[in-house]
2 protein chains.
Amino acid sequence: MTGQIRDAARTRRALLDAAARSVGVHGAGVTLDVVAREAGVSKGGLMHHFGSKDELLTALVDDLFEEFARAVQEQVDPDDDAPGKLLRGYVRATFDELERGSDAVEQTTLMATLSSLPGLARRSQDRYRRWNETLAGDGVDRQRVLLVLRACDGVSIAPLFEGAIEPDELADTRELLLRLTRDTGPLVELL
Amino acid sequence: MTGQIRDAARTRRALLDAAARSVGVHGAGVTLDVVAREAGVSKGGLMHHFGSKDELLTALVDDLFEEFARAVQEQVDPDDDAPGKLLRGYVRATFDELERGSDAVEQTTLMATLSSLPGLARRSQDRYRRWNETLAGDGVDRQRVLLVLRACDGVSIAPLFEGAIEPDELADTRELLLRLTRDTGPLVELL
């Protein structure tokens, strides 16, 4: 990368991070001025990267999904060739975030705020659906995929209602979900 | 109930319903004036029932938990004497709400807003813990309880991110979770 391209990428990154923090604090009503100030970038500098608030928030949704997808890929064991390896990466990425004590509440509130915006709901839904389809192709029975994904969502949202989950319970749940991806057949027989 | 007591109970109910709607729309910053107007009650009438905003929101948290506890009890099959009957009531109450198309997003946002208030976080956490303890005594292995509860939370929150869940998937997930409560032993062997 030339210095100029690198600077542009860095500014874009700073703007997306600032947008995430600002939406978390101010909600969907946040203004571009607030985001620019938070990023330490002029309003003109912001507008150079994102022509409108819509454009900025759309890029933020994409960025959050891409970051999570990267985290999942990093958690896929390269020596693991068994069915369910992507699902295991998903479980590990989810629990790593929780165990690092990263602010799951803030993250979830941010995603919920973004997903509730009429223009972004569809985009976020499509992204989720693509995830579900990808994981459905991971070689594990659909029941197991459903259960593991729903439980991951439930664990991520739990601190919002219950406060921090006890480390023991978190570790047991993580291990339980990982084990559930080790068998490929249905868990129970449904009609 | 005498007419006067009945009227008071009705006003209290109207105030709690109005508070739920108002917090949903205006967030935690909602004023008592707004709630009173929404309920069609004078500010003095509101203050007669709830001496402060804290008192009103605390009563609202308690009310939401009690309403859900009632829904669970109503869903416990009186002819079901097997272990896990309460957990099955919990699954049915959760999915009935979703299937009725009741606004899960609104409900969850409301609970999240209330749970995030410093004064209420503890109360909400205690309530959740009591639920978990009650369900832990339902005769089903802890792994199954954990998994079913986390998956119920995940399903409840899903529409917030993914839009409405397909009816087929909802029905399958419900049935899967109910089946998981039918066996009492551990699902997998953990170390």
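The values are calculated or read from the model by the stated rules, or taken from the named source; none is laboratory data. Since the structure is predicted, the reported quantities are computational estimates derived from the model, not experimental observations. Heads up, the Cβs are rebuilt from the backbone with ideal geometry, glycines too, and the neighbour counts pull from every protein chain shown.
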Exercise. Those residues that are surrounded by fewer than 18 Cβ atoms within 10 Å (Cβ to Cβ) and either more than 14 Å from every other protein chain (Cβ to nearest Cβ) or closer than 17 Å to B:Arg70 by Cα (or both), I need them from segment B:134-148; list them, please.
Key: B:Thr134, B:Gly137, B:Gly139
Practice problem: Run A:Val25 past the list (1) within 21 Å of B:Phe161 (Cβ to Cβ); (2) outside the structural domain of A:Asp96 (by TED's automatic domain parsing); (3) out of contact with any helix residue (DSSP H, G or I) (no Cβ under 7 Å at 6 or more places or on another chain); (4) touching a residue at least 40 places away in the same chain (Cβ under 8 Å) and report the number of the one that doesn't hold. | Solution: (4)
Exercise. Please indicate, with yes or no, whether at least one residue in segment B:181-189 is surrounded by fewer than 22 Cβ atoms within 10 Å (Cβ to Cβ), within 12 Å of chain A (Cβ to nearest Cβ) and in a helix (DSSP H, G or I).
Key: no
Quiz item: Within segment A:68-83, restricting attention to residues that are over 19 Å from A:Gly139 (Cα atoms) and surrounded by 15 or more Cβ atoms within 10 Å (Cβ to Cβ), which residue is modelled with the lowest pLDDT?
Solution: A:Phe68
Quiz item: Does B:Leu120 meet the test of being more than 7 Å from every other protein chain (Cβ to nearest Cβ), out of contact with any Pro (no Cβ under 9 Å at 6 or more places or on another chain) and more than 15 Å from B:Thr94 (Cα to Cα)?
Solution: yes
